[in-house]
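Q: Before anything else, here's the structure in question.
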Amino acid sequence: MSKLFGAVERESADGLPGTKDEKEPGSTMAKKLLLVDVDCGLDDAQALMMALAEPSVEILGITCCFGNTTIDNVCKNVLRLLEVCERTEIPVFPGASNSLLGEVNPTFAHFGSDGLGDAGETANVRLEHAQKEHAVNAIIRIINEHVGEISLVATAPLTNLALAVKLDRDLPKKLKNLYIMGGNLEGKGNKTVCAEFNFCLDPEAAQIVLNEFTCPTYIAAMDFAHKHALSKEFFENWINQDSVKAKFMKRIITEAQLSALGFVCFDSYAMAAAIDDSIITEYLECGVHVDLRGEFTRGMLVLDVRDQLKKKHKAFLMKKCDLEKFENFMMSALK
């Protein structure tokens, strides 16, 4: 019987259930292969910088989705970020420009209209530097080239992933792990009364992904991030490091990530868990559902803690985080 509350017993030497040791006999630890799907605003940028700074990680591609800003801006933001981090060899793929139902994403200025604080960082970025291959096709191709090896980190609306699984129904079987930033644990929203931003922008996509991606799935929900906000003292030390990356971040940062709670870097929790799963010290295992019909609850993540839906596939919802490890990852991202 699965444990619904508290720390679930680990099934591998180095992490959460569903993970496996990547070390081959007679070799050093192989790099963790990541595929990252983003709607690149400030928090996506921070998560990407964390992965780019980690020597144990290889990012095979970055796929882009609408969300924090338009799809063109998302692609430009990723391309600019890779310039700053001197990693322009990583391919960037443009993807979905709106939801599965074709709903037009309203202007969202939480992180500035361009997603990077309206600091003008992408003024000279050319979209021609992005790949011609569509993000959905790239997701399918890359996973099929590395069956059982890739962890997919999704920090955007889940439109690209939903389209990918509809084109390749066996895709989840070929994926090692899925890490999602999205949804909520307590029915409190930041986009609507009851829905978190990423799930709210494409509830149908979120429901498809949570139903059809049967690989081990780990979710960093909005309220989990709020409860693990970093101190303003940490933020000052982090942003004032003497590096090109820190100066870039200081130019684009907005007040949106600073509140009475402290410094909240939503997407970075999902990325940190993908890099080192021991950073999550407690989580809730249960069936999950995305509400599609409620007047106030459309897009809300529903937790089936009493197993009434009898879903065979359970998700692992992050509950507690080793903040010291997390802070170390954050600091390293801007060095």
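Q: With a cut-off of at least 3 residues that are crowded, with 16+ Cβ neighbours inside 10 Å and of a type in the set (A, V, I, L, M), name the helices (runs of 4 or more DSSP H) lying wholly within segment 229-322. First the steps, then the outcome.
A: Working: elements: 232-239, 244-252, 266-275.
In segment 229-322, 244-252, 266-275 are the helices (runs of 4 or more DSSP H) which contain 3 or more residues that are crowded, with 16+ Cβ neighbours inside 10 Å and of a type in the set (A, V, I, L, M).
Q: A follow-up question, please. Just one of (1) in contact with a strand residue (DSSP E or B) (Cβ under 7 Å, 6 or more places away or on another chain); (2) closer than 16 Å to M330 by Cβ; (3) open to solvent by 30 Å² or more (accessible area, probe 1.4 Å) trips up L185, so point out which.
A: Single failed check for L185: (2).
Q: Tell me yes or no: at least one residue of segment 119-133 is part of a helix (DSSP H, G or I), in contact (Cβ under 8 Å) with a residue 40 or more places away in the chain and more than 30 Å from F248 (Cβ to Cβ).
A: No.
Residues checked against (1) at pLDDT 95 or above; (2) exposed (fewer than 13 other Cβ atoms within 10 Å of the Cβ); (3) touching a helix residue (DSSP H, G or I) at 6+ places or on another chain (Cβ under 6 Å); (4) acidic (D, E):
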{"site": "K3", "(1), (2), (3), (4)": "no, yes, no, no"}
{"site": "G15", "(1), (2), (3), (4)": "no, no, yes, no"}
{"site": "D21", "(1), (2), (3), (4)": "no, yes, no, yes"}
{"site": "E24", "(1), (2), (3), (4)": "no, yes, no, yes"}
{"site": "A47", "(1), (2), (3), (4)": "yes, no, yes, no"}
{"site": "E58", "(1), (2), (3), (4)": "yes, no, no, yes"}
{"site": "C64", "(1), (2), (3), (4)": "yes, no, yes, no"}
{"site": "E83", "(1), (2), (3), (4)": "yes, no, no, yes"}
{"site": "T107", "(1), (2), (3), (4)": "no, yes, no, no"}
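Q: Considering only residues that are open to solvent by 30 Å² or more (accessible area, probe 1.4 Å), touching a helix residue (DSSP H, G or I) at 6+ places or on another chain (Cβ under 8 Å) and at pLDDT 95 or above, which ones fall in segment 192-218?
A: Selection gives E204, I208, E212, T214.
Q: Report the residue count in segment 280-328 for those that are in contact with an Asp or Glu (Cβ under 7 Å, 6 or more places away or on another chain) and hydroxyl-bearing (S, T, Y).
A: 2
The values are calculated or read from the model by the stated rules, or taken from the named source; none is laboratory data. Treat the numbers as computed from the prediction; the structure is a model and nothing was measured. A quick note on method: Cβ atoms are made from the backbone with ideal geometry, for glycine too, and the neighbour counts reach across all protein chains shown. Remember, those area values only see protein heavy atoms, side chains included, never the ligands or the DNA or RNA. Shrake-Rupley method; radii C 1.70, N 1.55, O 1.52, S 1.80 Å.
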